[in-house]
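The next block holds one structure in the form of structure tokens; read it before the comments.
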Amino acid sequence: MTTQTDLSTYDLIIDGETVAADSGEYFETVNPATEDAFARVARARKPDVDRAVSAANAAAAEWSSMPPQERGRLLNNLAEQIRAQQESLALLETRDNGKPLSHGRADVETCARYFEYYAGVADKVHGDSIPLTDGYVDYTVREPLGVTAQIIPWNLPTNILGRSVAPALATGNTAVVKPAEQTPLTAVEIGELAAEVGIPDGVLNVVPGFGGEAGASLSEHPDVDGVSFTGSVPTGIEVGKAAVENVTNVHLELGGKSPNVVWPDADIDSAVDSTMTGIFANAGQVCSAGSRLVIHEDIKTEFLDVLTDRTERMTIDSGETDPDMGPLVSEEQFEKVTNYLEIGRAEAGEPIIGGDTLGRDGYFVEPTVFDGVDNDMRIAQEEIFGPVLSVIEFSTEAEAMEIANDTEYGLVAGIHTQNMGRAHRFARDVQAGQVYINEWFAGGEETPFGGFKKSGFGREKGLAAVDAYTQVKNICADITPN
Ligand code: NAD
């Protein structure tokens with residue numbers, strides 16, 4: 001990173017070098033708390049993506065044949081460096097994305113943990129031995145895919161870079177990362193750190209740019225062997241089609257409209273906290289947000305009283321002051337969420353709290369709760385990706401289950417109850433890739449993550465990511481004496 005005029009400049013990372021885009025073009029990234037541009041970033045297009053893929057290709061043989069414990073050591077070194085830069089990376093993330101500083105710090109720590117976790121996995125990627133009839137020996141090995149592409153969204157840029165890149169590198173793949181155009185900065189910094197800790201040139205390349213340019217060039221590139229896409233459903237479909245044209249491995253981590261079911265026997269204090277974390281963390285811009293509160297009729301009034309009281313006391317300000325909630329990421333997202341506030345008013349009436357912007361510079365909207373929502377309303381079916389909670393009432397277990405499953409998504413689902421039989425029946429029957437019991441966002445780097453239905457396919461996190469980033473080779477030998 002260099003400073004020119006009053007904007008910091010961020011370039012591409014290709015083959016271990018910091019380089020300008022072939023076209024020499026830059027785009028600006030905006031601080032959503034002030035609406036001011038604060039950095040300029042090289043704008044990668046097809047020629048740059050070609051160069052990055054070619055560098056990743058050239059590095060693939062050395063990286064995949066390196067003893068896995070050495071790969072692991074390098075990833076551990078990267079984890080340490082990321083951790084050592086926690087404060088500066090967190091501040092950068094906060095300026096780029098708007099999130100509260102403590103959330104930025106947590107995302108950097110999560111990123112470091114992914115590299116640390118998969119550093120430990122690197123030398124434990126092994127196959128099976130399969131018993132066949134007498135006279136044969138059969139075993140499998142897991143081999144890397146080769147060059148992998150990671151297309152990253154803007155909501156959790158540092159976190160998801162770690163989630164997608166660490167298992168790719170640990171299993172012997174090389175990587176070309178396309179961060180979101182709204183939030184590209186920490187990816188460039190982490191690319192520089194990778195070179196500093198001795199990860200060989202070409203193993204981790206970073207090509208910031210726009211989706212229709214750098215992103216499309218990467219997902220349709222014939223020399224890319226695996227694509228990890230995290231983002232919206234429409235883009236996921238485009239990326240999936242482009243990858244399939246080349247018969248390239250692809251996994252899609254997409255959106256959600258996740259139900260948070262609360263029963264009268266829940267610990268109300270903790271269920272309210274967990275509901276608020278689920279919808280207001282990162283200003284609701286989380287794929288696994290608990291955006292539908294599915295609440296039992298007997299507890300609804302009491303629960304909403306506590307919820308609105310606590311919501312009223314939330315601090316909303318620039319992420320740099322570390323409030324409870326920062327601004328939305330961009331003007332586009334601000335327009336989208338404020339439009340949903342109007343849709344919500346038309347469908348469900350005035351929200352019981354919030355519903356407005358802060359009326360100052362920056363993309364701030366109030367934490368908002370709509371009561372009296374029917375599950376077929378748009379605010380119950382569509383991913384708003386903002387701090388907007390839809391409250392839907394139920395009376396029976398069957399009804400709660402039906403509401404929970406009645407969207408096109410299936411990313412996560414949660415239940416708050418002291419009745420463990422009921423909780424596990426819910427976990428059994430809900431169509432979601434992960435289930436939280438008595439806490440939202442439960443789990444960690446070790447737990448597999450991914451969607452059912454339109455929330456995607458394939459799994460990241462935990463050991464499940466090893467499957468996503470390797471291909472199985474079966475080897476069968478006839479050992480009968482000749
Ligand atoms: P998006 O789909 O607009 O963009 C995601 C990424 O794709 C960006 O890097 C973008 O530049 C790139 N892109 C855009 N068009 C492209 C194209 N034609 N070809 C290739 N790449 C292209 O999503 P977003 O708005 O950045 O992120 C929000 C969405 O991401 C939400 O739907 C959210 O639920 C989802 N998300 C899912 C997960 C998960 O793990 N399931 C995690 C975080 C976010």
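Does Asp265 satisfy being out of contact with any Asp or Glu (no Cβ under 8 Å at 6 or more places or on another chain), assigned to a loop (DSSP other than H, G, I, E, B) and away from the ligand (no atom under 16 Å from the Cβ)? If you could, list the steps in order and put the result at the bottom.
Values: out of contact with any Asp or Glu (no Cβ under 8 Å at 6 or more places or on another chain): yes; assigned to a loop (DSSP other than H, G, I, E, B): yes; away from the ligand (no atom under 16 Å from the Cβ): yes.
Criteria met by Asp265.
For the stretch 273-289, which residues satisfy the criterion of being among the aliphatic types (A, V, I, L, M), within 16 Å of the chain's Cα centre (by Cα), on the phi < 0 side of the Ramachandran plot and assigned to a helix (DSSP H, G or I)?
Ile279, Ala281 - these are the residues of the stretch 273-289 that are among the aliphatic types (A, V, I, L, M), within 16 Å of the chain's Cα centre (by Cα), on the phi < 0 side of the Ramachandran plot and assigned to a helix (DSSP H, G or I).
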The one condition in (1) in a helix (DSSP H, G or I); (2) surrounded by fewer than 23 Cβ atoms within 10 Å (Cβ to Cβ) that Val247 fails to fulfil: (1)
If I filter the stretch 293-303 for residues that are within 11 Å of the ligand (Cβ to nearest atom) and either touching a residue at least 40 places away in the same chain (Cβ under 8 Å) or outside any strand (DSSP E or B) (or both), do I get at least one hit? no
Inspect the stretch 65-81 for any residue being over 26 Å from the mean Cα position of the chain (by Cα) and among the hydrophobic types (A, V, I, L, M, F, W, C) and give the result as yes or no. yes
Residue in the stretch 307-332 that is nearest to the chain's Cα centre (by Cα), counting only those that are in a helix (DSSP H, G or I) and surrounded by 21 or more Cβ atoms within 10 Å (Cβ to Cβ): Gly319
Neighbours by Cβ (under 9 Å, 6+ apart or cross-chain): first from the stretch 451-462, of a type in the set (Ser, Thr, Tyr); second at pLDDT below 95: none
Do we have Ser330 as of a type in the set (Ser, Thr, Tyr), over 14 Å from Val388 (Cα atoms) and either modelled with pLDDT under 95 or within 16 Å of the ligand (Cβ to nearest atom) (or both) here? yes
Hey, among Gly255, Gly215, which residue is in a loop (DSSP other than H, G, I, E, B), within 10 Å of the ligand (Cβ to nearest atom) and surrounded by 18 or more Cβ atoms within 10 Å (Cβ to Cβ)? Gly255
Restricted to the stretch 218-238 and to residues being of a type in the set (A, V, I, L, M, F, W, C) and buried (at least 24 other Cβ atoms within 10 Å of the Cβ), the residue farthest from the ligand (Cβ to nearest atom) is Val224
Go through the residues of the stretch 402-409 one by one and say whether even a single one is within 16 Å of the ligand (Cβ to nearest atom) and small (Gly, Ala, Ser). no
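Return yes or no: is Ser270 farther than 25 Å from Leu91 by Cα, under 27 Å from the mean Cα position of the chain (by Cα), away from the ligand (no atom under 16 Å from the Cβ) and not basic (Lys, Arg)? Write out each step before concluding.
On the way: farther than 25 Å from Leu91 by Cα: yes; under 27 Å from the mean Cα position of the chain (by Cα): yes; away from the ligand (no atom under 16 Å from the Cβ): yes; not basic (Lys, Arg): yes.
Taking the combined requirement at face value, the residue satisfies it.
May I ask you to verify whether Gly198 is of a type in the set (Gly, Ala, Ser), closer than 16 Å to Ala52 by Cβ and more than 16 Å from the ligand (Cβ to nearest atom)?
Values: of a type in the set (Gly, Ala, Ser): yes; closer than 16 Å to Ala52 by Cβ: no; more than 16 Å from the ligand (Cβ to nearest atom): yes.
No; evaluated as a whole, the condition is false for this residue.
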Test: Val373 is in contact with a helix residue (DSSP H, G or I) (Cβ under 6 Å, 6 or more places away or on another chain) and of a type outside the set (Lys, Arg): yes
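How many residues, within the stretch 127-176, are assigned to a loop (DSSP other than H, G, I, E, B), in contact with a strand residue (DSSP E or B) (Cβ under 8 Å, 6 or more places away or on another chain), within 9 Å of the ligand (Cβ to nearest atom) and not β-branched (Val, Ile, Thr)? So that I can check it myself, show each step before the final result.
Just the residues of the stretch 127-176 that are assigned to a loop (DSSP other than H, G, I, E, B), to begin with: 127-128, 130-135, 145-146, 152-156, 171-173.
Those still in the list that are in contact with a strand residue (DSSP E or B) (Cβ under 8 Å, 6 or more places away or on another chain) too: 127-128, 130-132, 135, 145-146, 152-153, 171-173.
Still in the list and also within 9 Å of the ligand (Cβ to nearest atom): 152-153.
Remaining after also requiring not β-branched (Val, Ile, Thr): 153.
Here the count works out to 1.
Before we move on, is Glu181 touching a residue at least 24 places away in the same chain (Cβ under 8 Å), surrounded by fewer than 24 Cβ atoms within 10 Å (Cβ to Cβ) and either of a type in the set (A, V, I, L, M) or more than 10 Å from the ligand (Cβ to nearest atom) (or both)? Can you show your working first?
Values: touching a residue at least 24 places away in the same chain (Cβ under 8 Å): yes; surrounded by fewer than 24 Cβ atoms within 10 Å (Cβ to Cβ): yes; either of a type in the set (A, V, I, L, M) or more than 10 Å from the ligand (Cβ to nearest atom) (or both): no.
Answer is no for this residue.
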Taking the stretch 397-411 and keeping only residues that are touching a Gly at 6+ places or on another chain (Cβ under 6 Å) and aliphatic (A, V, I, L, M), one is left with Leu411
Being within 26 Å of the chain's Cα centre (by Cα), crowded, with 18+ Cβ neighbours inside 10 Å and not aromatic (Phe, Trp, Tyr) is the filter here; which residues of the stretch 20-44 pass it? Thr29, Val30, Asn31, Pro32, Ala33, Ala39, Arg40, Val41, Ala42, Arg43, Ala44
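The values are calculated or read from the model by the stated rules, or taken from the named source; none is laboratory data. Computed from a predicted model, the values in this text were never measured in an experiment. Heads up, the Cβs are rebuilt from the backbone with ideal geometry, glycines too, and the neighbour counts pull from every protein chain shown.
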